[in-house]
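S.K.: Before anything else, here's the structure in question.
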Amino acid sequence: MEIHLPQPPGRPLHLGYCTNVHPGGDLVAVRAVVDHAAAVREQLGVARLGAGLWLSAPVVAALEGAPAEVDRLAAGLEAAGLYCFTLNGFPYGDFHAEVVKRAVYTPDWTAASRATYTVAAARLLLRLAPPGLAHLTLSTLPLGWRAGWDAGRTEQACDRLIATGVVLRRLADTAGRTVRLCLEPEPGCAVETTGQAIDLFHGALAQAARRAGEGQGLIDETLGLCFDCCHQAVAFESPEASLDALAAAGVVVGKAQLSCAAEVAEPAPEAARAALAHFAEPRFLHQVRAGAGGQVMASADDLGDALAAAAAGRFPVDLPWRVHFHCPIHQQAVGQVATTQAELRRAIRHLVTTSACDHLEVETYTWSVLPEGERPTSDAALATALAAEVGWARDEIVTAGTGR
């Protein structure tokens with residue numbers, strides 16, 4: 001939905017939710033996503049709602065070869081009171097497979113297939129977005145997973161990103177509007193922290209631009225960051241400090257994903273860890289960080305690993321834990337486990353009051369894997385839950401933007 005606030009003048013904020021919460025592995029499923037999103041809009045009682053579509057590589061390829069299907073999808077969005085201002089291009093394959101885990105990070109940005117998919121997704125976004133939107137965004141993974149990563153892979157990935165930026169600039173010249181590709185820092189990836197993101201933009205990406213005969217202008221026009229509030233909370237980073245540092249460094253935050261992590265302030269009691277164990281599930285990777293005072297002191301690649309290590313005395317239980325499990329943003333807790341909603345509220349306030357970003361997307365893709373008793377049991381119940389999240393986000397944005 002468009003939210004008009006006193007600041008920035010004349011430029012509305014766009015708020016929607018990411019449809020990667022719904023299966024979308026083929027064109028039939030994507031058409032069903034429109035119906036799901038329409039139900040969320042109806043629950044909210046708004047005339048228009050932003051839909052941050054997730055389109056897998058097979059779906060993108062199928063749509064590229066079927067222009068009539070693209071027109072049909074665009075018309076379906078319009079008829080349902082939905083509009084697409086951003087795409088999630090992070091998951092390449094089936095994000096609803098029985099086991100996703102580290103597969104979500106493949107192919108990484110060293111692979112030609114990642115660039116091909118991303119450019120094709122950008123072309124589709126230009127066709128799906130309403131004509132009046134002058135700038136659009138597309139999020140992607142932050143180079144790749146850190147295991148086996150080295151300086152050579154960073155160089156190769158940055159060369160592909162710069163080449164993609166050149167294509168995006170050409171598309172913008174033709175279409176008369178831009179698509180910004182936004183890298184999304186994530187725990188365990190080659191780019192995890194704000195400092196690493198700044199170093200990437202001023203270091204390897206800038207060097208890749210020079211190798212390609214391009215200047216800083218290409219990066220400024222076509223590349224940026226997707227600021228995922230869950231990921232930054234897991235890194236124990238202050239949202240205000242992170243956003244200020246990015247602004248000072250001239251790194252554009254093109255898109256922000258409004259999301260919460262799971263948090264256990266005192267994991268020493270076995271009961272606290274037993275409650276958290278209900279969040280360990282086989283589909284998605286749930287990285288864990290233990291920290292305090294803005295610093296990460298220990299890390300585990302998955303929640304099950306952290307719980308096992310803690311039981312063996314090999315992971316600290318005298319420090320708060322934060323877990324990369326996207327929790328419902330309108331809830332301060334899920335069962336007995338708290339969320340980082342307070343961190344998200346601070347991030348929203350700073351994003352709005354500093355005009356740092358005008359593309360805001362609720363991203364809770366984990367509704368189907370929440371602990372038993374916490375997950376929706378029907379499509380209607382999921383629509384109600386998603387509407388509650390978006391409604392909460394809207395209210396927080398308005399509160400921040402009007403100073404109430």
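Since every read-out is calculated from the coordinates, none of them should be taken as a lab result. Remember, predicted model here, so these are calculated numbers, not experimental data. Reconstructed Cβ throughout: ideal geometry from the backbone, glycine too, with neighbour counts over all protein chains shown.
S.K.: What does the extension gain come out to for Gln332 and Met297, with contour length at 0.36 nm per residue minus their alpha carbon separation?
M.R.: Here the segment from Gln332 to Met297 would lengthen by 10.1 nm.
S.K.: Still on this structure, I have one more. Report the one residue of Leu136, Thr340, Ala235 whose Cα lies farthest in the direction of the positive end of the charge dipole of the chain (charges on C-beta: Lys and Arg +1, Asp and Glu -1; origin at the Cα centre).
M.R.: Leu136
S.K.: With a cut-off of 8 Å between alpha carbons and a minimum separation of six or more residues, what is the relative contact order of the chain in percent?
M.R.: This gives 18 percent for the chain.
S.K.: To the nearest µm²/s, what D does Stokes-Einstein give for region 141-209 at 10 °C and 1.306 mPa s, using the Kirkwood radius over alpha carbon pairs as Rh?
M.R.: Once the numbers are plugged in, D ends up at 125 µm²/s.
S.K.: So, one more: Between Ala248 and Ala308, take the C-beta separation as r, use R0 = 51 Å, and let me know the FRET efficiency to the nearest 0.05.
M.R.: Working from the Cβ atoms, E equals 0.80.
S.K.: DSSP beta bridges in the chain, what fraction antiparallel, as a percent rounded to 5?
M.R.: Taking every DSSP beta bridge with both residues in the chain, the antiparallel ones total about 40 percent.
S.K.: Evaluated at 37 °C with a viscosity of 0.692 mPa s, what Stokes-Einstein diffusion coefficient in µm²/s does region 217-300 have when Rh comes from the Kirkwood expression over alpha-carbon pairs?
M.R.: For the chosen part, D equals 219 µm²/s.
S.K.: Give me the extension gain from Ala151 to Lys101: residue separation times 0.36 nm, minus the current Cα-Cα distance, reported in nm with one decimal.
M.R.: 15.6 nm
S.K.: Based on other C-beta atoms within 10 Å, arrange Ser113, Ser299, Ser242 from fewest to most.
M.R.: Ranked by crowding around the Cβ, least crowded first: Ser113, Ser299, Ser242.
S.K.: Calculate for the chain the 222 nm mean residue ellipticity that helices alone would give, adding -39,500 (n - 2.57) per DSSP H run of length 4 or more and normalising by residue count, nearest 500 deg cm²/dmol.
M.R.: -13500 deg cm²/dmol
S.K.: Starting from the Cα-Cα distance between Val28 and Ala62, subtract it from 0.36 nm times their residue separation and give me the gain in nm to one decimal.
M.R.: 11.1 nm
S.K.: Excluding Pro91 itself, calculate the net charge of residues whose Cβ lies under 13 Å from the Cβ of Pro91, where each Lys or Arg counts +1 and each Asp or Glu counts -1.
M.R.: -1
S.K.: Would you pull out the residues with amide H under 5 Å of Leu223's amide H, same chain only if 5 or more places away, H placed 1.01 Å from N?
M.R.: For Leu223, the qualifying residues are Leu181.
S.K.: As I understand it, the dipole of the chain uses +1 on the Cβ of Lys and Arg and -1 on the Cβ of Asp and Glu, about the Cα centre. Which of Ala272, Ala247, Ala312 lies farthest toward its positive end?
M.R.: Ala247
S.K.: If you place +1 on the Cβ of every Lys and Arg and -1 on the Cβ of every Asp and Glu, how big does the dipole about the Cα centre of region 107-188 come out, in debye to the nearest 20?
M.R.: The calculation lands at about 360 debye.
S.K.: Report the rotationally averaged projected area of region 1-148 based on its alpha-carbon convex hull, in square nanometres.
M.R.: That works out to 10.0 nm², a quarter of the Cα hull's surface.
S.K.: Moving to a separate point now. Given C-alpha coordinates of region 205-262, what is the ratio Rg to Rh with the Kirkwood estimate of Rh?
M.R.: Ratio of gyration radius to Kirkwood radius: 1.08.
S.K.: Using a cut-off of 13 Å between beta-carbons, work out the net charge of the residues near Pro12 (Lys and Arg +1, Asp and Glu -1, Pro12 not included).
M.R.: +1
S.K.: I've got another one for you. Could you grab the relative contact order for region 314-404? Cα pairs under 8 Å, six or more apart, rounded to a whole percent.
M.R.: So the answer I get is 35 percent.
S.K.: Which value, in debye to the nearest 20, gives the size of the charge dipole of the chain about its Cα centre, when Lys and Arg are +1 and Asp and Glu are -1 at the Cβ?
M.R.: For this selection, approximately 720 debye.
S.K.: Then there is this: Can you check what the net charge comes to around Gln331, using other residues whose Cβ is under 11 Å from the Cβ of Gln331 (Lys, Arg +1; Asp, Glu -1)?
M.R.: With Lys, Arg at +1 and Asp, Glu at -1, the net is -2.
S.K.: How many percent of DSSP beta bridges within region 62-198 run antiparallel, rounded to 5?
M.R.: Expressed as a percentage, antiparallel bridges in region 62-198 total about 10.
S.K.: Of all DSSP beta bridges located in region 139-264, what percent are antiparallel, nearest 5?
M.R.: 10 percent
S.K.: Quote the relative contact order of region 9-71 in percent (integer), defining contacts as alpha-carbon pairs under 8 Å separated by 6+ residues.
M.R.: The normalised contact order for region 9-71 reaches 40 percent.
S.K.: Rounded to the nearest 0.05, what FRET efficiency do Gln216 and His135 have when you use their Cβ-Cβ distance and R0 = 22 Å?
M.R.: The computed FRET efficiency comes out at 0.75.
S.K.: In the chain, if every C-alpha pair distance is counted and binned at 20 Å from zero, what percent goes to each bin?
M.R.: 29, 61, 10
S.K.: Please state the charge dipole magnitude for region 130-170, taken about the Cα centre, from unit charges on C-beta atoms (+1 on K and R, -1 on D and E), reported in debye and rounded to the nearest 20.
M.R.: 120 debye
S.K.: Hey, another quick one. Among His330, His202, rank each residue by its count of other Cβ atoms within 10 Å, from fewest to most, as a rough exposure measure.
M.R.: So the ranking, lowest neighbour count to highest, is His202, His330.
S.K.: Based on the alpha-carbon gyration tensor of region 296-404 and its eigenvalue square roots a ≥ b ≥ c, which shape applies: rounded if a/c is under 1.5, prolate if not and a/b is larger than b/c, or oblate?
M.R.: It comes out oblate by the Cα gyration axes.
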